[in-house]
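Visitor: Below is one structure. I have some questions about it.
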Amino acid sequence: MAEVLHQRVTLSTGVELDVWTAGDAANPPILFLQGFPESHRTWRHQMAALSDSFFCIAPDQRGYARSQKLPEVKDYRIGNLVADVFALADAFGAERFTLVGHDWGGAIAWAVAIKNQARVERLILCNAAHPYVFQHTLVFDRDQRLASQYMKDFRERDIEGEVAAKGMDWFFEDRFAKLSGGPITAEDKAAYIDEWSQPGALTAMLNWYRASPMQVPGMDAPAEMTPFLAAPFPKLHMPVLVIWGVNDEALLPCQLEGLDEHIERLTVVRVEDAGHFIPWERPEAVNQAMRNWLG
């Protein structure tokens with residue numbers, strides 16, 4: 001296994017990120033984007049498996065862990081997060097790259113690929129909803145709408161105040177561990193709580209939800225088309241691999257329906273015994289799917 005190296009990188013967007021790399025920089029680059037509420041550690045198994053053939057780059061995205069935390073909700077709008085990814089690739093001299101994302105990192109990966117298809121050579125998503133399909137299911141699929149009501153909580157409730165009153169252990173158990181279908185060691189838990197306890201980290205992570213343009217209707221709201229769904233949506237031309245843990249309680253299997261309408265070259269791998277945090281819940285299945293597909 002290649003050594004994992006850490007460095008602090010100042011992007012052209014003005015944001016400083018902690019970044020971990022593994023493998024030979026002369027190899028093809030592969031960028032990993034973590035989701036909520038994790039960090040680069042999401043990808044530890046995949047970096048170990050792929051660093052013999054790829055130059056693996058995994059940041060803590062803006063607002064997470066010890067990466068820079070900007071103060072305004074608007075700082076976490078999709079356009080800013082997408083710009084960070086291109087700037088990160090530029091910082092490592094990667095004109096074209098394979099992009100991998102999970103959860104929120106997957107949402108950004110979808111957006112990056114849509115923004116500039118010429119730069120994303122291949123795209124891999126692990127339990128990460130395509131933006132059009134996700135918004136459509138939030139409106140028209142009652143089960144997905146119910147499963148996503150937590151997003152309204154993250155936007156509207158004083159989660160920071162609740163954590164201050166109840167403690168970070170409460171946040172770990174109530175907002176994270178419940179969704180996990182895999183083992184979380186004491187070392188893992190300590191790492192999460194350390195990352196979330198950094199000054200401003202909890203608010204910054206929640207600001208990703210607060211800045212999102214996704215509409216999450218209440219359970220009694222009518223199912224009506226939105227301007228987002230009515231607008232033309234670009235089709236992706238690069239090869240796309242979607243790896244999906246079918247026991248995910250936050251993103252339901254309906255996220256796989258209609259994907260082929262948005263992607264020319266789509267491969268879907270379903271993992272029956274996995275939940276939302278599939279990169280570390282079922283690392284062997286994820287690694288095998290990636291290796292087989294990457295060739």
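No lab work stands behind these numbers, since they all come straight from the coordinates. It should be emphasised that the depicted structure is a prediction, and the values quoted were computed from it without experimental measurement. Quick reminder, even Gly has a Cβ in these numbers, built from the backbone with ideal geometry, and neighbours come from all protein chains shown.
Visitor: Is at least one residue of segment 199-213 over 24 Å from ALA111 (Cβ atoms), of a type outside the set (D, E, K, R), free of Cβ contacts under 8 Å to residues at least 24 places away in the same chain and surrounded by fewer than 14 Cβ atoms within 10 Å (Cβ to Cβ)?
Guide: no
Visitor: Something else: Give the residues of segment 230-245 that are under 17 Å from the mean Cα position of the chain (by Cα) and either part of a helix (DSSP H, G or I) or more than 22 Å from GLN117 (Cα to Cα) (or both), sorted by residue number.
Guide: Filtering segment 230-245 down to residues under 17 Å from the mean Cα position of the chain (by Cα) leaves 240-245.
TRP244, GLY245 - these are the residues of segment 230-245 that are under 17 Å from the mean Cα position of the chain (by Cα) and either part of a helix (DSSP H, G or I) or more than 22 Å from GLN117 (Cα to Cα) (or both).
Visitor: Out of segment 55-74, which residues are in contact with a helix residue (DSSP H, G or I) (Cβ under 7 Å, 6 or more places away or on another chain) and of a type in the set (D, E, K, R)?
Guide: ASP60, ARG62, LYS69 - these are the residues of segment 55-74 that are in contact with a helix residue (DSSP H, G or I) (Cβ under 7 Å, 6 or more places away or on another chain) and of a type in the set (D, E, K, R).
Visitor: Applying the selection to segment 61-80, what residues are within 17 Å of HIS6 (Cα to Cα), surrounded by fewer than 22 Cβ atoms within 10 Å (Cβ to Cβ) and either small (Gly, Ala, Ser) or touching a Leu at 6+ places or on another chain (Cβ under 8 Å) (or both)? Reasoning before the result, please.
Guide: As a first pass, look at segment 61-80 and keep what is within 17 Å of HIS6 (Cα to Cα): 61-62, 64-68.
With the extra rule that they be surrounded by fewer than 22 Cβ atoms within 10 Å (Cβ to Cβ), the set shrinks to 66, 68.
The one that is within 17 Å of HIS6 (Cα to Cα), surrounded by fewer than 22 Cβ atoms within 10 Å (Cβ to Cβ) and either small (Gly, Ala, Ser) or touching a Leu at 6+ places or on another chain (Cβ under 8 Å) (or both): GLN68.
Visitor: For segment 251-294, how many residues meet the condition of being small (Gly, Ala, Ser) and surrounded by fewer than 17 Cβ atoms within 10 Å (Cβ to Cβ)? Give the steps one after another, and end with the answer.
Guide: Going through segment 251-294, the residues small (Gly, Ala, Ser) turn out to be 258, 274-275, 285, 289.
Subsequent filtering for residues that are surrounded by fewer than 17 Cβ atoms within 10 Å (Cβ to Cβ) retains 258.
Final tally of qualifying residues: 1.
Visitor: If you don't mind, there's one more thing I want to ask. Determine if segment 229-248 includes at least one residue that is among the acidic types (Asp, Glu) and under 30 Å from GLY295 (Cβ atoms).
Guide: For segment 229-248, residues among the acidic types (Asp, Glu) and under 30 Å from GLY295 (Cβ atoms): present.
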